[in-house]
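In what follows, a single structure is set out as structure tokens and then discussed.
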Amino acid sequence: MSTTQLRLSAAQLQLAGQQVNLPELSLGCGEILAVIGPSGCGKSSWLRWLLGDQQSHMQVNGRIELSGTDISTWPIEQRGIGIVWQDFLLVPHLSVQENLRLALPKALRSQSRQAQQQVIFERLQQVELGDLAQQPVTALSGGQRARIALLRALINEPRLVLLDEPFAALDSQLRQRIRQWTFATLAQTATSAIIVSHDSADFPAGCSQLHWPQGANYD
């Protein structure tokens, strides 16, 4: 049995007089939790709460433990959680290399620029994108942006990665390939993850699933 990496108390989401109650959840090292539910039901706001970026329009209450430590009140930069958004949110005026440099862990940011570039290049080589280090992210294909977005989340060596509809912007054929690459990469790095999607085909086989409770739609 894998060591528990993430433990969540029974969280409550409240908006405009409506309330959603989530069950207590736990996630082992390297395990993936799939969350499925309709658009507008609060899933992304819940992810932002986990990240440490609670939205003003929705109140979320609960306890978050990572590696046995309560991080519920910690600021976003101390939580050790990475995220990949549906539209990737890469910085458009920066190169691939500079986008990844922004996400380097503190220990690497204190090293020389040459050392940082070497680490970034090695990571890009692992996903067969080493020759694109100097390219602006606006020149990348959808599949390339998806890989850079996940690489940016992982390069910070997070304890948990949140995936918010990360494949929705891809066509069906590319979507399948990027899904396979994503889950293979997470398995290789033993990184725990929560993936939110309204499409169950986006979930890896055998993963735990949470079907979002009925009774709230905020569209």
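Things to note:
- A crude spin-label estimate for the pair Gln173 and Ser95, with each label 7 Å from Cα along the Cβ direction, gives 3.2 nm.
- For the peptides 51-60, 142-151, 6-15, 103-112, the ranking by packing is 142-151, 6-15, 51-60, 103-112, with the highest mean count of neighbouring Cβ atoms within 10 Å listed first.
- Rounded to the nearest 20, the size of the Cβ-charge dipole of the chain about its Cα centre is 400 debye, with Lys and Arg at +1 and Asp and Glu at -1.
- Acute angle (nearest 10 degrees) that the helix 142-155 long axis makes with the longest principal axis of the chain, alpha-carbon atoms: 80
- When the helices of the chain are scored as -39500 (n - 2.57) per DSSP H run of n ≥ 4 and the total is divided over every residue, the value at 222 nm lands at -9000 deg cm²/dmol.
- The range 20-90: relative contact order as a whole-number percent, Cα under 8 Å and 6+ apart: 20
- Debye intensity ratio in log₁₀ form over the Cα atoms of the range 124-219, taken at each q of 0.15, 0.16, 0.20 Å⁻¹: -0.66, -0.74, -1.09
- The angle separating the long axis of helix 113-126 from the principal Cα axis of greatest extent in the chain is about 70 degrees.
- Accessible area (Å², 1.4 Å probe, nearest 10) - Cys29: 60
- Once the Kirkwood radius over Cα pairs is known for the chain, the Stokes-Einstein relation at 37 °C and 0.692 mPa s delivers a diffusion coefficient of 181 µm²/s.
- Residue among Leu104, Ala193, Trp49 farthest towards the positive dipole end of the chain, charges placed on Cβ: Leu104
The values are calculated or read from the model by the stated rules, or taken from the named source; none is laboratory data. Quick caveat: nothing in here was measured; it's all calculated off a predicted structure. Cβ: placed from backbone, ideal geometry, glycine included. Neighbour counts: every protein chain shown. Accessible surface is based on the protein model in full, side chains and every heavy atom, while ligands, DNA and RNA are left aside. Shrake-Rupley method; radii C 1.70, N 1.55, O 1.52, S 1.80 Å.
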